[in-house]
Structures are given as structure tokens and as C-alpha cells.
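> Here's a structure for you.
The values are calculated or read from the model by the stated rules, or taken from the named source; none is laboratory data. Quantities reported herein were computed from a predicted structural model and do not represent experimental measurements. We place every Cβ from the backbone using ideal geometry, glycine too, and count neighbours over all the protein chains shown. Just so you know, the surface numbers come from the protein's heavy atoms only, side chains and all, with ligands and any DNA or RNA stripped out. Shrake-Rupley method; radii C 1.70, N 1.55, O 1.52, S 1.80 Å.
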Amino acid sequence: MTTDSTADAVACTGLAYAFGDTKAVDGLDLTVREGEVFGLLGPNGAGKTTAIRCVTTLLPVPSGMVRVFGHDAAGDRMAVRRLLGYVPQQLSADSGLTGRENVSLFARVFDVPRRERAARVGQALGAVGLTDAADRLAGTYSGGMVRRLELAQALVSAPRLLILDEPTIGLDPIARTGVWEHITAVREATGMTVLVTTHYMDEADQYCDRVGLMHRGRIRALGTPAELRQGLGERRRAEGAPATAPLPTLEDVFREVAGSGLDEQAGDFRDVRSTRRTAQRVG
Ligand SMILES: Nc1ncnc2c1ncn2[C@@H]1O[C@H](COP(=O)(O)OP(=O)(O)OP(=O)(O)O)[C@@H](O)[C@H]1O
Ligand SMILES: [Mg+2]
């Protein structure tokens, strides 16, 4: 091996996780490079959340290897936890507390030193545009504000790796843009790495440096959004599509992977094409 795995924010090798007979993650190889925004995409049930929960140490690593900045998620859980901030798919803010109280709670849990706490909580709320609403109950917030509050909760410990599981689900387009603008601003200011899942292909295309398309527990296509779009365009032309055909979108790439009748043996992206069936509705 010539690569220095300690330089990667996340390195999963052969990660597998099963719930009973359900192989939620099935031999996942995934590398997230330091400083990038990596989008983990894939249909419902692909195994994204399960994989992420293994990376965050919320689930054990029964098989394979997960490293976060070189620290083994199985053997050195506390070291991993100290490096990351996590916004789960489910609601994690308490509606009965104010925004500031919610973020303060996370600051305490993540051992932000007591004397720095008030300032750091204020900074985190400011970074997501919630300074004015900080002392209102979170129960009065709009969906977009709640998601930004959860972002502040995850940011208050100044993580090197921010993991967001569907941070914009259910938000209107303006609120979605707002969430991404705050993520982008913090990342530019701190150099933090971001691992994000989303079902919105336009967001992945616009904001992710690289994306991995997960299906049935494994990455089936990997690259920059442009590489994946161009690759599909080339395959379509090789199959006889006219040169004037519209360029494929990331959603087309998603449909090609997720709509395929992929069997467990299917190895790489080219195999997907040959086993492709009519795109299924995945939402
Ligand atoms: N706690 C659980 N108990 C049993 N099965 C589970 C559990 N959590 C997830 N699964 C199953 O594991 C598989 C992967 O689920 P996971 O939530 O990781 O997918 P996902 O890619 O995050 O999907 P979504 O896009 O819907 O969030 C699915 O078949 C799911 O039903
Ligand atoms: Mg999920």
C-alpha cells in the first residue's frame, strides 16, 4: 500500500453489518478524503444510515474495518467520537428547550471546556443564522430552522468530520439552500470534512466534490458528479444514443444504479448496465 490511510477522514474496508438476515451493509469499501464534501447517495434501504452509524461508532463494526482519521472505530471509539459531529436522520433537537439550551447540551456532552462553552454555543448558533432565534423554544422553529439548529449542535464541538444524514429532507428549496450555505461557509472557514447523505440529486451535484452511489450495501458507482454524468453519457452513446441526446443528469445515474436488478455478484458499474431493468420508483 502506498496510500497513507491516516490522511483519509474515513476509510471503510469490507464493512458488513446485518440486522438478522438483512445484510444492510455488505462489504462496503469507502474512502472520504480529508477536506472534501462526500455525498453518499442511494435508494431507500441501500444501507447509508447503517454505514454512517458504524462510522460514528453508534453501531459496532462486526466485520471489516472502519477508520476515522486513522483511528479504528472498533478499538478506539472515544478518539473517533471526539473528531466528529453528527446530525442524524431522525430529529435530535428537543422542542421543549430553547435553541441555545439545545446547543449547550451538546457542548456539555462533547466536553467543550466550561469556560469556553457560552462563547462556542453563541458562535455555533451564529454560524447557522440562529442568533436572533436562539432564546426561543425549538418547538416554535420552522423545519429549516430545526435542521440548522441540529447543525449547530453538531458544530459546537468543532468537529474535523461532520456527518449529516439527510440534512435537508422535507425542507422547501429556500430552506435547503440555507442549510447548504451554512455548511459551505463553516467548511470554508475550518477545512472540515463533510460526509452527507441526500436523496436530492441536484444538491449532490451542486455541493458534493465526490459522490458514491450505494445500492444493496455497497458502493456501485463513485466519482465526481461530472465524471458520473459524463460516464453515463458515453455509455449511452456507445449503445447508439444520438450525439444530440440531452446530457444525462445525476438523477439518470442514480436511476441506472438503483433501478437495476443488481444481484449480489454484480461487481462494478459496467455490470450494472447489462443487468439494468426499467427504473423503479425508489422514493
Ligand atoms: N434497526 C433495524 N432493524 C432491522 N432492520 C433494519 C434496521 N435499520 C435498518 N434496517 C434495514 O437495513 C437496511 C438498510 O437500512 P438503512 O436505514 O441503512 O438504509 P438507508 O440507505 O439509510 O435508507 P433511507 O434512504 O431510507 O434512509 C434496510 O433493509 C432496513 O430495513
Ligand atoms: Mg437512512
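> Among the residues of segment 140-170, how many are within 16 Å of ligand 1 (Cβ to nearest atom), surrounded by fewer than 21 Cβ atoms within 10 Å (Cβ to Cβ) and among the hydrophobic types (A, V, I, L, M, F, W, C)?
Summing the residues that are within 16 Å of ligand 1 (Cβ to nearest atom), surrounded by fewer than 21 Cβ atoms within 10 Å (Cβ to Cβ) and among the hydrophobic types (A, V, I, L, M, F, W, C) in segment 140-170 gives 1.
> Is it the case that some residue within segment 176-193 is open to solvent by less than 30 Å² (accessible area, probe 1.4 Å) and within 16 Å of ligand 2 (Cβ to nearest atom)?
Taking segment 176-193 first, the residues open to solvent by less than 30 Å² (accessible area, probe 1.4 Å) are 178-180, 183, 186, 192-193.
Still in the list and also within 16 Å of ligand 2 (Cβ to nearest atom): none.
Looking through segment 176-193, none of the residues is open to solvent by less than 30 Å² (accessible area, probe 1.4 Å) and within 16 Å of ligand 2 (Cβ to nearest atom).
> With the checklist (1) part of a strand (DSSP E or B); (2) within 16 Å of ligand 1 (Cβ to nearest atom) in hand, flag the one item Asp29 doesn't pass.
(2)
> Tell me the residue from Val128, Val109, Val121 that is open to solvent by 20 Å² or more (accessible area, probe 1.4 Å) and either over 24 Å from the mean Cα position of the chain (by Cα) or over 22 Å from Lys48 (Cα atoms) (or both), please.
Values: Val128 fails: open to solvent by 20 Å² or more (accessible area, probe 1.4 Å); Val121 fails: open to solvent by 20 Å² or more (accessible area, probe 1.4 Å).
Among Val128, Val109, Val121, only Val109 is open to solvent by 20 Å² or more (accessible area, probe 1.4 Å) and either over 24 Å from the mean Cα position of the chain (by Cα) or over 22 Å from Lys48 (Cα atoms) (or both).
> Taking segment 234-265 only, how many residues are surrounded by fewer than 20 Cβ atoms within 10 Å (Cβ to Cβ) and either modelled with pLDDT of 95 or more or within 22 Å of Asn44 (Cβ to Cβ) (or both)? First the steps, then the outcome.
Pass one, segment 234-265, residues surrounded by fewer than 20 Cβ atoms within 10 Å (Cβ to Cβ): 234-247, 249, 251-252, 259, 261-265.
If we keep only those that are either modelled with pLDDT of 95 or more or within 22 Å of Asn44 (Cβ to Cβ) (or both) as well, we get 249, 251-252, 259, 261-264.
Of the residues in segment 234-265, 8 are surrounded by fewer than 20 Cβ atoms within 10 Å (Cβ to Cβ) and either modelled with pLDDT of 95 or more or within 22 Å of Asn44 (Cβ to Cβ) (or both).
> Could you please tell me which pairs satisfy a Cβ distance under 8 Å, a separation of 6+ or placement on different chains, a first residue in segment 131-144 that is in contact (Cβ under 8 Å) with a residue 24 or more places away in the chain and closer than 17 Å to Val156 by Cα, and a second residue that is basic (Lys, Arg) and surrounded by 12 or more Cβ atoms within 10 Å (Cβ to Cβ)?
Final answer for the pair search is Ala134/Arg100; Asp135/Arg100.
> Taking Leu41, is it open to solvent by 50 Å² or more (accessible area, probe 1.4 Å), in contact with a helix residue (DSSP H, G or I) (Cβ under 8 Å, 6 or more places away or on another chain) and farther than 19 Å from Thr22 by Cα?
Working: open to solvent by 50 Å² or more (accessible area, probe 1.4 Å): no; in contact with a helix residue (DSSP H, G or I) (Cβ under 8 Å, 6 or more places away or on another chain): yes; farther than 19 Å from Thr22 by Cα: yes.
In short, no.
> Given the structure, is Leu161 aliphatic (A, V, I, L, M) and within 16 Å of ligand 2 (Cβ to nearest atom)? If you could, list the steps in order and put the result at the bottom.
Details: aliphatic (A, V, I, L, M): yes; within 16 Å of ligand 2 (Cβ to nearest atom): no.
Spelling it out, it is not the case that Leu161 is aliphatic (A, V, I, L, M) and within 16 Å of ligand 2 (Cβ to nearest atom).
> On the given criteria, is Leu59 assigned to a strand (DSSP E or B), buried (at least 17 other Cβ atoms within 10 Å of the Cβ), within 11 Å of ligand 1 (Cβ to nearest atom) and aliphatic (A, V, I, L, M)? Quick ask: steps written out before the conclusion?
Working: assigned to a strand (DSSP E or B): no; buried (at least 17 other Cβ atoms within 10 Å of the Cβ): yes; within 11 Å of ligand 1 (Cβ to nearest atom): yes; aliphatic (A, V, I, L, M): yes.
Answer is no for this residue.
> Here is a list: Ala93, Ala133, Ala124. Which entry is farther than 27 Å from Val10 by Cβ and of a type outside the set (Lys, Arg)? Spell out how you get there, then give the answer.
Working: Ala93 fails: farther than 27 Å from Val10 by Cβ; Ala124 fails: farther than 27 Å from Val10 by Cβ.
Exactly one residue qualifies, and that residue is Ala133.
> Within segment 116-125, is there a residue that is closer than 20 Å to Leu40 by Cα and either out of contact with any helix residue (DSSP H, G or I) (no Cβ under 9 Å at 6 or more places or on another chain) or within 16 Å of ligand 1 (Cβ to nearest atom) (or both)?
Among the residues of segment 116-125, not one is closer than 20 Å to Leu40 by Cα and either out of contact with any helix residue (DSSP H, G or I) (no Cβ under 9 Å at 6 or more places or on another chain) or within 16 Å of ligand 1 (Cβ to nearest atom) (or both), which makes the answer no.
> List the residue pairs whose Cβ atoms are under 8 Å apart, where the first residue sits in segment 245-260 and is of a type in the set (Ser, Thr, Tyr), the second is part of a loop (DSSP other than H, G, I, E, B) and open to solvent by 70 Å² or more (accessible area, probe 1.4 Å), and the two are 6 or more positions apart or on different chains.
Ser260/Arg277
> Restricting attention to segment 188-241, report how many residues are closer than 20 Å to Val55 by Cα, basic (Lys, Arg) and away from ligand 1 (no atom under 16 Å from the Cβ).
Final tally of qualifying residues: 1.
> Could you please give the count of residues in segment 47-61 that are β-branched (Val, Ile, Thr), within 13 Å of ligand 2 (Cβ to nearest atom) and more than 15 Å from the chain's Cα centre (by Cα)?
Looking only at that region, the number is 0.
> Could you tell me whether segment 227-234 includes any residue that is touching a Pro at 6+ places or on another chain (Cβ under 9 Å) and polar (S, T, N, Q)?
There is at least one residue in segment 227-234 that is touching a Pro at 6+ places or on another chain (Cβ under 9 Å) and polar (S, T, N, Q).
> For segment 4-35, enumerate the residues that are surrounded by 17 or more Cβ atoms within 10 Å (Cβ to Cβ), charged (D, E, K, R) and farther than 16 Å from Gly70 by Cα.
Lys23, Asp26
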